[in-house]
Amino acid sequence: MYSISKDKLNSLYSAIAGEFDLFMPIKAAGQTNYGFWSEGAEGDIDTLKTIKSGKDAFFPQVEQLYTVNREIVPADVAASDDAEKAADTPVRTKLKVNPVKLIDHDFVIFGMRPCDVRAIEVMDNVFLSDPVDSYYKSRREHGIVVALACHEPEESCFCTVFGIDPSDPSKAKADVATWLIGDKLYWKAITDKGEALTSKVSSLLEEEDSDSKVEEEKAYIESIAKQLPNAELSLEGWGAGKTDEKFKSEVWDKVYKGCLGCGTCTFVCPTCQCYDIKDYTTKDGIQRYRCWDSCMYSDFTLMAGGQNRQTQLQRFRQRFMHKLVYYPTNNDGMFMCVGCGRCVEKCPQSLNIVKVIKAFAENN
């Protein structure tokens, strides 16, 4: 295991950014969110929760897919020496499609919490299943994930309910596991990608026997996690094969009331993957891009003939049935929630997934 003093972290960020694009928590205007690090940026790995997770690195909020340009091509002239005929020859339009080049260089996502790393696994099951999403796949192949333990889990956290260990990022499917303990960051490579990254910054890292310190830190984090308000949240009655039982429940009629349909929960969620595809007309042609969308919106998947979820109750139910029933039914029991607690903190009406789970438990 290696370590680096906290006061040298900027040097570490600079060294990584010298070799790769570095995507990490950045503090700006009093808030911490993921962004690309550059000299002068304030990297912030002390804040437990970024506003959004690092999923933007693999599934950007907005990304261009391709452009379409119109080219004017003269029709063939049977007799090229017939000037009069050539002048009257009609032209035809040819459309040229230019796909955006897939990412072809490695980049680093630094400081992802174990819950957010699990969220990437959730999205892998969606975007890497047939038909494979080539844009997502290329980013996953080139992304190097540096996970960071949660020094002090907060009251809104409930990741342990889903089997996630906030104390040990080496259990997450990351490339490097790190722990911020006191005035040092402890560093452990897990995969070949992680070893390669470690070798790039080895001049800044000190090798040391720090297993005992890390074990103490794990015990400390675990002791906090066990005392959190939702640590004992029960998932009994949820999961694969519960569609009919949960879908038809009258609990939805009560618990959805108050939902504004604002979509905040979906935009801060690290596992939501709904998107829309739009075309934008420019003077040179058309740009096609995709952007995040929300199943909580009244116009989500709206078509000329209407759409299948016409009420807020139906849309509210869809969101949580997807997280807790539909997804685990199709993915070997894995839930589509990682207990990060962002929706608990951000929903203006406190109609979060914890409240839904508890409402059903009280009805039993």
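The values are calculated or read from the model by the stated rules, or taken from the named source; none is laboratory data. Here the structure is a predicted model, which means the values were calculated and not measured. Cβ sites come from the backbone with ideal geometry, for glycine too, and all protein chains shown count toward neighbours.
Looking at (1) out of contact with any Phe, Trp or Tyr (no Cβ under 6 Å at 6 or more places or on another chain); (2) over 20 Å from Gly163 (Cα atoms), which one does Tyr186 not meet, given that it meets all the others?
It is condition (1) that Tyr186 fails.
Please name all residue pairs, on different chains or six or more residues apart, with Cβ atoms under 9 Å, provided the first residue is in the stretch 247-262 and is outside the structural domain of Phe300 (by TED's automatic domain parsing) and the second residue is assigned to a helix (DSSP H, G or I) and modelled with pLDDT of 95 or more.
As it stands, the answer is none, since no pair meets every condition given.
Within the stretch 266-310, how many residues are in a strand (DSSP E or B) and farther than 25 Å from Val344 by Cα?
Total satisfying the criteria: 15.
Quick one: which residue in Cys343, Cys265, Cys295, Cys272 is among the hydrophobic types (A, V, I, L, M, F, W, C), surrounded by 13 or more Cβ atoms within 10 Å (Cβ to Cβ) and touching a Phe, Trp or Tyr at 6+ places or on another chain (Cβ under 8 Å)?
Checking each option against the conditions leaves just Cys272.
Any idea which of Cys343, Cys337 is in a helix (DSSP H, G or I), within 21 Å of Ile120 (Cβ to Cβ), in contact (Cβ under 8 Å) with a residue 40 or more places away in the chain and hydrophobic (A, V, I, L, M, F, W, C)? Give the derivation first.
Values: Cys337 fails: in a helix (DSSP H, G or I).
Of Cys343, Cys337, the one residue that is in a helix (DSSP H, G or I), within 21 Å of Ile120 (Cβ to Cβ), in contact (Cβ under 8 Å) with a residue 40 or more places away in the chain and hydrophobic (A, V, I, L, M, F, W, C) is Cys343.
Can you say whether Ser156 is at pLDDT below 95 and either in a loop (DSSP other than H, G, I, E, B) or more than 21 Å from Val338 (Cβ to Cβ) (or both), as far as the supplied structure shows? Don't jump to the end; show me each part of the working.
Details: at pLDDT below 95: no; either in a loop (DSSP other than H, G, I, E, B) or more than 21 Å from Val338 (Cβ to Cβ) (or both): yes.
Judged against the criteria, Ser156 is not a match.
Looking only at the stretch 140-151, decide whether some residue is assigned to a helix (DSSP H, G or I) and closer than 21 Å to Lys226 by Cβ.
No; the residues of the stretch 140-151 include none that is assigned to a helix (DSSP H, G or I) and closer than 21 Å to Lys226 by Cβ.
Could you list, in sequence order, the residues of the stretch 146-167 that are surrounded by fewer than 21 Cβ atoms within 10 Å (Cβ to Cβ) and of a type outside the set (Val, Ile, Thr)?
The answer is His151, Glu152, Glu154, Glu155, Ser156, Phe162, Gly163, Asp165.
Give the residues of the stretch 89-145 that are surrounded by fewer than 15 Cβ atoms within 10 Å (Cβ to Cβ), among the acidic types (Asp, Glu) and touching a residue at least 60 places away in the same chain (Cβ under 8 Å), sorted by residue number.
If the condition is that a residue be surrounded by fewer than 15 Cβ atoms within 10 Å (Cβ to Cβ), among the acidic types (Asp, Glu) and touching a residue at least 60 places away in the same chain (Cβ under 8 Å), then Glu121 is the only one that fits.
When the residues of the stretch 263-274 are narrowed to those that are touching a strand residue (DSSP E or B) at 6+ places or on another chain (Cβ under 8 Å) and free of Cβ contacts under 8 Å to residues at least 60 places away in the same chain, which ends up farthest from Ile51 (Cα to Cα)? Step through it out loud before you land on a result.
Taking the stretch 263-274 and keeping what is touching a strand residue (DSSP E or B) at 6+ places or on another chain (Cβ under 8 Å), we get 266-267, 272, 274.
Okay, now just the ones that are also free of Cβ contacts under 8 Å to residues at least 60 places away in the same chain, so 266, 272, 274.
Numbers: Thr266: 12, Cys272: 14, Cys274: 19 Å.
Among those residues, the one meeting the criterion is Cys274.
Among Leu313, Leu351, which is the only one that is among the hydrophobic types (A, V, I, L, M, F, W, C), closer than 27 Å to Leu235 by Cα, out of contact with any Asp or Glu (no Cβ under 6 Å at 6 or more places or on another chain) and assigned to a loop (DSSP other than H, G, I, E, B)?
None of the other options fit; the residue is Leu351.
Out of curiosity, is Glu245 under 28 Å from Phe300 (Cβ atoms) and assigned to a helix (DSSP H, G or I)?
Spelling it out, Glu245 is indeed under 28 Å from Phe300 (Cβ atoms) and assigned to a helix (DSSP H, G or I).
Within the stretch 176-185, is there a residue that is crowded, with 20+ Cβ neighbours inside 10 Å, modelled with pLDDT of 95 or more and not in a strand (DSSP E or B)?
There is no residue in the stretch 176-185 that is crowded, with 20+ Cβ neighbours inside 10 Å, modelled with pLDDT of 95 or more and not in a strand (DSSP E or B).
Filter the stretch 188-197 down to the residues that are surrounded by 17 or more Cβ atoms within 10 Å (Cβ to Cβ) and out of contact with any helix residue (DSSP H, G or I) (no Cβ under 7 Å at 6 or more places or on another chain) and list them by number.
Of the residues in the stretch 188-197, the ones surrounded by 17 or more Cβ atoms within 10 Å (Cβ to Cβ) are 188-190, 193-194, 197.
Answer for the stretch 188-197, where residues must be surrounded by 17 or more Cβ atoms within 10 Å (Cβ to Cβ) and out of contact with any helix residue (DSSP H, G or I) (no Cβ under 7 Å at 6 or more places or on another chain): Lys193, Gly194, Leu197.
What is the number of the single condition among (1) of a type in the set (Lys, Arg); (2) closer than 16 Å to Lys246 by Cα; (3) touching a strand residue (DSSP E or B) at 6+ places or on another chain (Cβ under 9 Å) that Arg315 does not meet?
Result: Arg315 passes all but (3).
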